[in-house]
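Trainee: Please find one structure pasted underneath; my questions will follow.
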Amino acid sequence: MFAKDSGLLQGTVELLVLKTLSWGPMHGYAVASWIEHATDDVLRVEEGSLYPALYRMERKGWIAGEWGVSENNRRAKFYRLTAAGRAQLHEQSTGWQRLATAVTKAITTTAAPAPAR
(Lines give C-alpha, C1' and ligand atoms only; values in the text may rest on other atoms or scores of the structure.)
Protein backbone atom coordinates (compact mmCIF):
# COMPACT_ATOMS: atom_id res chain seq x y z
CA MET A 1 0.00 0.00 0.00
CA PHE A 2 1.22 3.45 -0.80
CA ALA A 3 0.13 6.45 1.20
CA LYS A 4 1.18 9.80 -0.19
CA ASP A 5 1.52 11.41 3.24
CA SER A 6 2.40 8.70 5.76
CA GLY A 7 3.07 5.05 6.48
CA LEU A 8 0.18 2.83 7.42
CA LEU A 9 -0.18 0.21 10.09
CA GLN A 10 0.03 -3.41 9.06
CA GLY A 11 -3.42 -4.91 8.54
CA THR A 12 -4.85 -1.76 6.99
CA VAL A 13 -4.92 -3.39 3.56
CA GLU A 14 -7.06 -6.24 4.89
CA LEU A 15 -9.49 -3.85 6.57
CA LEU A 16 -9.85 -1.78 3.41
CA VAL A 17 -10.36 -4.89 1.26
CA LEU A 18 -13.01 -6.21 3.66
CA LYS A 19 -14.82 -2.86 3.55
CA THR A 20 -14.60 -2.76 -0.23
CA LEU A 21 -16.08 -6.25 -0.58
CA SER A 22 -18.91 -5.36 1.80
CA TRP A 23 -20.43 -3.59 -1.23
CA GLY A 24 -20.48 -6.82 -3.22
CA PRO A 25 -18.20 -9.12 -5.24
CA MET A 26 -15.29 -7.46 -7.07
CA HIS A 27 -12.12 -8.43 -8.87
CA GLY A 28 -8.73 -7.22 -7.66
CA TYR A 29 -8.44 -4.20 -9.95
CA ALA A 30 -11.91 -2.99 -8.90
CA VAL A 31 -10.96 -3.38 -5.23
CA ALA A 32 -7.83 -1.26 -5.71
CA SER A 33 -9.76 1.34 -7.71
CA TRP A 34 -12.49 1.63 -5.06
CA ILE A 35 -9.92 2.18 -2.31
CA GLU A 36 -8.24 4.94 -4.32
CA HIS A 37 -11.57 6.59 -5.05
CA ALA A 38 -12.90 6.25 -1.48
CA THR A 39 -9.74 7.84 -0.06
CA ASP A 40 -9.65 10.68 -2.62
CA ASP A 41 -6.48 9.16 -4.12
CA VAL A 42 -4.57 9.38 -0.83
CA LEU A 43 -4.17 5.59 -0.62
CA ARG A 44 -3.15 3.33 -3.45
CA VAL A 45 -2.92 -0.44 -3.03
CA GLU A 46 -0.20 -1.84 -5.26
CA GLU A 47 -0.47 -5.32 -6.80
CA GLY A 48 2.41 -6.48 -4.62
CA SER A 49 0.32 -5.76 -1.51
CA LEU A 50 -3.18 -6.46 -2.81
CA TYR A 51 -2.88 -9.96 -4.23
CA PRO A 52 -0.95 -11.46 -1.30
CA ALA A 53 -3.59 -9.92 1.02
CA LEU A 54 -6.42 -11.41 -1.07
CA TYR A 55 -4.80 -14.86 -1.01
CA ARG A 56 -4.15 -14.62 2.73
CA MET A 57 -7.74 -13.54 3.42
CA GLU A 58 -9.06 -16.34 1.23
CA ARG A 59 -6.99 -18.88 3.21
CA LYS A 60 -8.40 -17.46 6.46
CA GLY A 61 -11.94 -17.91 5.11
CA TRP A 62 -12.78 -14.19 5.23
CA ILE A 63 -13.36 -14.00 1.48
CA ALA A 64 -14.16 -16.49 -1.26
CA GLY A 65 -13.00 -16.23 -4.86
CA GLU A 66 -14.64 -17.39 -8.06
CA TRP A 67 -13.46 -17.03 -11.63
CA GLY A 68 -15.60 -15.00 -13.98
CA VAL A 69 -15.46 -12.43 -16.76
CA SER A 70 -14.77 -8.77 -16.03
CA GLU A 71 -16.53 -5.78 -17.56
CA ASN A 72 -13.64 -5.68 -20.08
CA ASN A 73 -14.48 -9.23 -21.15
CA ARG A 74 -11.34 -10.61 -19.48
CA ARG A 75 -11.05 -13.59 -17.17
CA ALA A 76 -10.81 -12.36 -13.58
CA LYS A 77 -11.19 -13.74 -10.10
CA PHE A 78 -14.08 -12.14 -8.23
CA TYR A 79 -13.92 -12.02 -4.46
CA ARG A 80 -16.85 -11.85 -2.08
CA LEU A 81 -17.11 -11.45 1.67
CA THR A 82 -18.01 -14.55 3.72
CA ALA A 83 -19.86 -14.56 7.04
CA ALA A 84 -16.47 -14.86 8.77
CA GLY A 85 -15.28 -11.89 6.72
CA ARG A 86 -18.25 -9.78 7.81
CA ALA A 87 -17.45 -10.60 11.44
CA GLN A 88 -13.79 -9.74 10.85
CA LEU A 89 -14.78 -6.45 9.18
CA HIS A 90 -16.83 -5.52 12.24
CA GLU A 91 -14.02 -6.47 14.63
CA GLN A 92 -11.29 -4.67 12.69
CA SER A 93 -13.46 -1.58 12.06
CA THR A 94 -14.21 -1.26 15.76
CA GLY A 95 -10.53 -1.59 16.64
CA TRP A 96 -9.48 0.87 13.96
CA GLN A 97 -12.03 3.44 15.12
CA ARG A 98 -10.79 3.14 18.72
CA LEU A 99 -7.19 3.57 17.56
CA ALA A 100 -8.03 6.53 15.30
CA THR A 101 -9.92 8.24 18.12
CA ALA A 102 -7.01 7.74 20.53
CA VAL A 103 -4.41 9.03 18.05
CA THR A 104 -6.58 12.04 17.19
CA LYS A 105 -7.01 12.80 20.88
CA ALA A 106 -3.26 12.60 21.45
CA ILE A 107 -2.25 14.79 18.51
CA THR A 108 -4.88 17.45 19.14
CA THR A 109 -4.48 17.77 22.90
CA THR A 110 -3.32 21.08 24.30
CA ALA A 111 -2.28 19.59 27.63
CA ALA A 112 1.47 19.29 28.10
CA PRO A 113 2.89 16.09 29.55
CA ALA A 114 3.53 16.04 33.29
CA PRO A 115 7.17 16.69 34.16
CA ALA A 116 9.30 13.58 34.77
CA ARG A 117 10.24 12.94 38.39
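The values are calculated or read from the model by the stated rules, or taken from the named source; none is laboratory data. Fair warning: this is a prediction, and the values are worked out from it, not measured in the lab. A quick note on method: Cβ atoms are made from the backbone with ideal geometry, for glycine too, and the neighbour counts reach across all protein chains shown. Each accessible area value is taken on the protein alone, full model and side chains, heavy atoms only, with ligands, DNA and RNA left out. Shrake-Rupley method; radii C 1.70, N 1.55, O 1.52, S 1.80 Å.
Trainee: From largest to smallest, what semi-axes in whole angstrom does the stretch 19-62 give when each is the square root of 5 times an eigenvalue of its alpha carbon gyration tensor? Let's see the in-between values first.
Mentor: Values: eigenvalues 65, 32, 12 Å².
Working from the Cα gyration tensor, I get semi-axes of 18, 13, 8 Å.
Trainee: Short version: what are the Cα gyration tensor semi-axes of the stretch 50-117, square root of 5 times each eigenvalue, largest first, in whole Å? Could you put the intermediate results ahead of the total?
Mentor: Numbers: eigenvalues 344, 39, 22 Å².
They are 41, 14, 11 Å, listed largest first.
Trainee: Carbon and sulfur: what percent of the stretch 16-100's accessible surface (1.4 Å probe)? Before the final figure, lay out the partial values.
Mentor: Values: 2700 of 5230 Å².
Looking at the stretch 16-100 in its full context, I get 52 percent from C and S.
Trainee: Can I ask one more? Which value, in Å², gives the accessible area per residue of the chain when a 1.4 Å probe is used on the protein heavy atoms? List each step's numbers first, then the result.
Mentor: Details: 8070 Å² over 117 residues.
Accessible surface, normalised per residue, equals 69 Å².
Trainee: From the protein chains alone at 1.4 Å, what is the descending order of accessible area for 26, 57, largest first?
Mentor: Working: 26 35, 57 0 Å².
Accessible-area ranking of 26, 57, largest first: 26, 57.
Trainee: Looking only at GluC sites (Glu not before Pro) in DSSP loops with at most 15 other Cβ atoms within 10 Å, what is the longest site-free stretch of the chain? Intermediate values should be presented prior to the final figure.
Mentor: Details: sites that count: 46, 71.
Here the longest segment lacking exposed loop sites spans 72-117.
Trainee: Of all the Cα-Cα pairs you can form in the chain, what percent are over 17 Å apart? Could you put the intermediate results ahead of the total?
Mentor: Working: 4106 of 6786 pairs.
In whole percent, the share of Cα-Cα pairs in the chain beyond 17 Å is 61.
Trainee: In the stretch 1-110, which trypsin sites (Lys or Arg not before Pro) are in a loop and have at most 10 other Cβ atoms within 10 Å, using DSSP for the loop call? If you can, show how the numbers build up before the last one.
Mentor: Numbers: sites: 4, 19, 44, 56, 59, 60, 74, 75, 77, 80, 86, 98, 105; in loops: 4, 74.
Answer by residue number: 4, 74.
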